[in-house]
1. When only C-alpha pairs under 8 Å and at least 6 residues apart count, what is the relative contact order of region 31-141, in percent?
2. Loop-only check: which trypsin sites (Lys or Arg not before Pro) in region 356-444 are DSSP coil with at most 12 other Cβ within 10 angstrom?
3. If THR424, THR302, THR45 are ordered by their accessible area, calculated over protein heavy atoms with a 1.4 Å probe, which sequence runs from highest to lowest?
4. Treating cross-link reach as a plain straight distance, find the lysines whose alpha-carbon is under 17 Å from the alpha-carbon of LYS452, omitting any fewer than eight places away in the same chain.
5. Taking 27 Å as the cut-off for C-alpha to C-alpha distance, list the pairs among LYS98/LYS151; LYS249/LYS425; LYS214/LYS340; LYS253/LYS362 that go past it.
6. Taking all protein chains as present, what is the carbon and sulfur share of the accessible area of region 189-244, in % to the nearest whole number, probe 1.4 Å?
7. Quote to one decimal, in nm, the extra length available between ASN279 and GLU27 on full extension: 0.36 nm per residue of separation minus the C-alpha distance between them.
8. By a straight-distance test (C-alpha under 20 Å), which aspartates and glutamates pair with LYS215 as possible cross-link partners, with residues fewer than eight away in the same chain excluded?
Amino acid sequence: MKKGLAIFIVLILILGGGYFGYTKYTEGKRIEAMEEALKGDDIYTGITIDGIDVGGLSKEAAKDKILAAKADELEGKNININVEDKNYTFELKSLDHKMDVDKAINEAYEYAREGELEERYNKLEALKENPLNVVIDKEIDYSHVDDFVAKIASEIDTEAVNAEFSVNNGKITSTESKDGKKLDREKLKNDILDAINNSTDTITASVETIEPEKKHSDLERINGLIGSFTTDISTSSNERKTNIRVSSKSVSKKLLLPGESFNFNNAIGDITAANGYKNAHVLKGGEYENGLGGGMCQTSTTLYNALVRAGVKILERHPHSRAANYVPKGQDCAVWKGSKNLRFQNSYDFPIYIDSSVTNNKVTFYVYGDKTKKDYDISFKSEIVEVIKSQAIEKEDQSLKAGERVVDVKGYDGYRVVTNKIVTKDGKVISNKQFTKDYYPKRDTVARVSTKTAGEETPSGDASNSDEAVMLPW
């Protein structure tokens, strides 16, 4: 028994020593294999840069391959842009690509080169199942896209052309209008950038149609005269006639689209000698005095009367402080910069055109529109409902001679006036309604009179040397 046990123990020792030696040998071989796999100066297999296989390549070879691939990638790669019936081509090679290729190559090269042998080997083995792709840091200068879009816009963008309207000796004409176009620059730029990043090769640009404000189809609706009015200027001075002519021209040949408003004072502009105005009588505070632009109120009054007879909506109108003599009371229209204005609006669904003439000592305003819509006549009748009598106010003035009377303020009567608007069609009155109520204030006559009787003389001598008190006349 003892002999057999000894033999068994010897066998165990022999076998254990053999296994230990084998294990030692195997581990050495494994380490040699790992070292062999990890050695070398080439990038490990299973690594790509921007999808380009660089496994087994040196840094220099990898860089050459990447640069060549990137050049081939951009060469011939274009984006086609359709703009209505035109086609444009954007070449990707025109972009300024700034790529940090060296950084990407170093990152690829350094993979699995740091750490313990086992750790490095395991990372290398992992590449077989999960390859590594290193992305190149890129910076692309997209300014060329802006230039490209701007070039297209310069060829596509066009201004809308308004139709023009004119009346010559009663003949109405209008020119053709034309739509404009406007490229949606921002959208096209964003679409190009998206196409670059997503490899899209075709884009359709958006172009907006710009309709003209004044279309020929709209102006064709102006087919005749819908209102006019004339006032007489034969008694006016030459300067006043000039002012009426200049101001009438400023508010003539005006086209108002539906809903559009007009401001008389704005249209007149600055009332200066440089603009052609002369000094003439102007009514200010009920008194006539010389001033630049005298006579403009006859222009505004004539225009106002043409407008209301055309049925145009009046937004602002003021009577004079003293009734004018060139129209019936209640039918005048005063203007004064900063306080009184004539404003109106085209409330029709068709355009209206305003023109004037100043000839043969008459000023006339014409309003043209759609006679098929405004197929009725408008007239006005004013009635004085109250006369406010002017009073004479006399003040004593001892400096005047006996019986002398000096008028300082010449008065005039005031009035309250109601004006009715009368609408007739085919000779029949279809409407007769109050249109305006106006008040023209009176002005009292103010005069200085003497209280002296005939033969009475003004005291003479130095009052300061008199022993008697002297009653002064005031």
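1. Details: 142 pairs, mean separation 39.3, N = 111.
Computed value for region 31-141: 35 percent relative contact order.
2. On the way: sites: LYS362, LYS371, LYS373, LYS374, LYS381, LYS389, LYS395, LYS401, ARG405, LYS410, ARG416, LYS421, LYS425, LYS428, LYS433, LYS437, LYS442, ARG443; in loops: LYS371, LYS373, LYS374, LYS389, LYS401, LYS410, LYS442.
Those that pass, being in a loop and sparsely packed, are LYS389, LYS401.
3. Solvent-accessible surface, decreasing: THR45, THR424, THR302.
4. Result set, ordered by chain and number: LYS395, LYS401.
5. LYS249/LYS425; LYS214/LYS340
6. Carbon and sulfur together cover 37 percent of it.
7. That works out to 78.7 nm of additional length.
8. By straight Cα distance, LYS215 reaches ASP157, GLU159, GLU164, GLU176, ASP179, GLU260, ASP349, ASP355, ASP370.
The values are calculated or read from the model by the stated rules, or taken from the named source; none is laboratory data. Every value quoted in this text rests on a predicted model; they were computed, and no experiment measured them. Every residue, glycine as well, gets a Cβ built from its backbone with ideal geometry; the counts of neighbours run over all protein chains shown. Please note that ligands, DNA and RNA were not included when accessible areas were found on the heavy atoms of the full protein model with its side chains. Shrake-Rupley method; radii C 1.70, N 1.55, O 1.52, S 1.80 Å.
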